[in-house]
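Enquirer: Take a look at this one; I'll ask things after.
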Amino acid sequence: MRDYVIGLDLGGTNIRAAAITPEGKILNRVKIFTEVAQGRERVVANILKVIDAIKQGLRDFTLSAVGLGLPGIIFFDKGIVAQSPNLPDWIDFNVRERVKRGLDIPFYIDNDANLAAIGEGWIGAGKDFNSFCMLTLGTGVGGGIILNRDIWRGDYGMAGELGHITVYPDGHPCNCGNRGCLEQYASATGIVRMAREEFRVLGSEFKAKTEIYKIENITADSLYQLAKKGNKISLELFEKMGRVLGIGIADLVNILNVELFILGGGVADAWDYFIKFTMDEIKKRTYRITGEGVKVLKAKLGDDAGIFGAGYMAMGKTGKGIGKGKIV
Ligand SMILES: [Zn+2]
């Protein structure tokens, strides 16, 4: 019988899962509602339900391990969620121990951005690179650092919080307690906030130029659509976002001298409107020899990066399949 693993992505709205072979082929997929409002036990029951649904559909295969990714502060070694923005009642929750009560195979959890980096390193945009950083530009900015084909977790398991690099010393306050974090300018939330600030400052001029008449109608997508039409206000916002991102990446280039940065998440779709400013800042703020070699690529796996990474982590930890916890 052939082995497979399950990679799960635990979001605030949906649990998405896929059965994955050691070669990176998806055998089947399941998606159900997370039901966060029903409490922690319901979410755990739903995780087990998803695993069971996949198993039922693959009776000729053997499930060897399960990996789960979710946003937040995760203690990978212990399987504990310290806190997660999507799951307010998961505080210092040992999800591995809890899930293992209903599951008799290895089960691992990690931060979703770390897993997205692992997924992209396995079969995505980073597969031919020795070291790289991944930034997911979504509601927030997540990060993952791959060094010598292995994820860098840091001494406390909290490395790769690239969204919280300071880009403006006195900038906008961030949920992490700092001010002026990259996340406050390069995430969907950050871009919308910057646009709303412009709305307040420019007033009727903003309304006339964008045809957005209510502040609450400013969304990341509405700004993206405006940029596509050549709207100056929107293009300037994406320029600012791109430059701030470039400042963050330049810092990483100077610290790590990695040659590749992979950008994922919904905001990366606005690529054409920010990337040249990002590259400009990287070149301006790094040594010529390191800066000129830097490549910035779009993520290849889209929403599936975390699922592939979760599956790959599970394979490595069991010693089955390839990798043994490293990307090879
Ligand atoms: Zn922060």
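Enquirer: Mean-square fluctuation check for the chain, GNM, Cα pairs under 10 Å: which of S64, S222, S204 is largest?
Expert: It is S204.
Enquirer: Within a Cβ distance under 11 Å of N111, other residues only, what is the Lys/Arg minus Asp/Glu net charge?
Expert: Surrounding charge for N111 is -2.
Enquirer: Can you work out the FRET efficiency for the pair D303 and A208, with r the C-beta to C-beta distance and R0 = 41 Å, to the nearest 0.05?
Expert: With a Förster radius of 41 Å, E is 0.65.
Enquirer: Taking H placed 1.01 Å from N in the peptide plane, check which residues at least 5 places from L68 or on another chain put their amide H under 5 Å from its amide H.
Expert: Those qualifying (amide H under 5 Å, at least 5 residues apart or on another chain) are L8, Y108, I109, D110.
Enquirer: When N counts the residues of region 276-316, how does its alpha-carbon radius of gyration compare numerically with 2.2 N^0.38 Å, as a ratio?
Expert: Its radius of gyration relative to the 2.2 N^0.38 Å reference: 1.74.
Enquirer: How many Å² of accessible area per residue for region 1-136, probe 1.4 Å?
Expert: 42 Å²
Enquirer: Which ³J(HN,Hα) values in Hz, rounded to whole numbers, follow from the phi angles of region 48-59 under the Karplus curve 6.51 cos²θ - 1.76 cosθ + 1.60, where θ = phi - 60° and Gly and Pro get x?
Expert: Along region 48-59, the couplings run 5, 5, 5, 4, 5, 4, 5, 4, 4, x, 10, 5 Hz.
Enquirer: Using only Cα atoms, what is the ratio of the radius of gyration of the chain to 2.2 N^0.38 Å?
Expert: The value comes to 1.03.
Enquirer: Now for a separate question. Out of residues 5 or more away from K300 or on other chains, whose amide H comes under 5 Å of its own, with H placed 1.01 Å from N in the peptide plane?
Expert: A125
Enquirer: Something else: Find the Cα radius of gyration of region 204-328, compare it with 2.2 N^0.38 Å by division, and give the number to two decimals.
Expert: 1.37
Enquirer: How long are the semi-axes of the ellipsoid equivalent to region 128-197, from square roots of 5 times the Cα gyration tensor eigenvalues, in whole Å, largest first?
Expert: That gives 26, 14, 9 Å for the three semi-axes.
Enquirer: Using amide H atoms built 1.01 Å from N in the peptide plane, name the residues 5+ places from T139, or on other chains, whose amide H lies under 5 Å from its own.
Expert: A188
Enquirer: Let me ask another. Could you tell me how many cubic angstrom of Cα convex hull volume region 129-299 has per residue?
Expert: With only Cα atoms used, region 129-299 gives 112 Å³ per residue.
Enquirer: Separate question: In whole angstrom, and with the biggest value first, how far do the Cα coordinates of region 47-186 range along each principal axis?
Expert: That works out to 57, 40, 26 Å along the principal axes.
Enquirer: A further question follows. Tell me, what is the per residue accessible area of region 148-224 in Å², probe radius 1.4 Å?
Expert: 55 Å²
Enquirer: Round to a whole number: what % of the accessible area of the chain belongs to carbon and sulfur, probe 1.4 Å?
Expert: Here it works out to 50 percent.
Enquirer: With θ set to phi - 60°, apply the Karplus curve 6.51 cos²θ - 1.76 cosθ + 1.60 along region 149-157 and write out the HN-Hα couplings as whole Hz, x wherever there is a Gly or Pro.
Expert: These are the phi-based 3J(HN,Hα) values: 6, 9, 5, 9, 9, x, 5, 10, x Hz.
Enquirer: Tell me, rounded to the nearest percent, the portion of alpha carbon pairs in region 164-259 spaced more than 22 Å apart.
Expert: The answer is 34 percent, as a whole percent.
Enquirer: Which ³J(HN,Hα) values, rounded to whole Hz and listed in residue order, are derived for region 94-100 from phi using the Karplus coefficients 6.51, -1.76 and 1.60 in 6.51 cos²θ - 1.76 cosθ + 1.60 with θ = phi - 60°, glycine and proline given as x?
Expert: Per residue, the Karplus-derived 3J(HN,Hα) values read 7, 5, 5, 4, 5, 5, 4 Hz.
Enquirer: Taking only the alpha-carbon positions of region 52-131 and ignoring solvent, what does the Debye formula give for the base-10 log of I(q)/I(0) at q = 0.27 Å⁻¹?
Expert: So the normalised log intensities are -1.16.
Enquirer: Can you find, among S187, G293, Q83, the residue farthest towards the positive end of the dipole of the chain? Put +1 on the C-beta of Lys and Arg, -1 on that of Asp and Glu.
Expert: The one lying farthest along the dipole's positive direction is G293.
Enquirer: Now for a different question. When Lys and Arg each count +1 and Asp and Glu each count -1, what net charge do the other residues less than 11 Å away from M1, Cβ to Cβ, add up to?
Expert: 0
Enquirer: Suppose accessible area is computed on protein heavy atoms with a 1.4 Å probe; arrange D89, D155, D128 from highest to lowest.
Expert: Heavy-atom accessible area, descending, gives D155, D128, D89.
Enquirer: Right, something else. For a quick protection proxy, order the peptides 135-144, 18-27, 188-197 by their average other-Cβ count within 10 Å, most packed first.
Expert: 135-144, 188-197, 18-27
The values are calculated or read from the model by the stated rules, or taken from the named source; none is laboratory data. What you see is a predicted model; the values in this text were computed from it and never measured. Neighbour counts are summed over all protein chains in view; Cβ atoms, including those assigned to glycine, are modelled from backbone coordinates with ideal geometry. Surface accessibility is based on the protein's heavy atoms, side chains included, excluding ligands, DNA and RNA. Shrake-Rupley method; radii C 1.70, N 1.55, O 1.52, S 1.80 Å.
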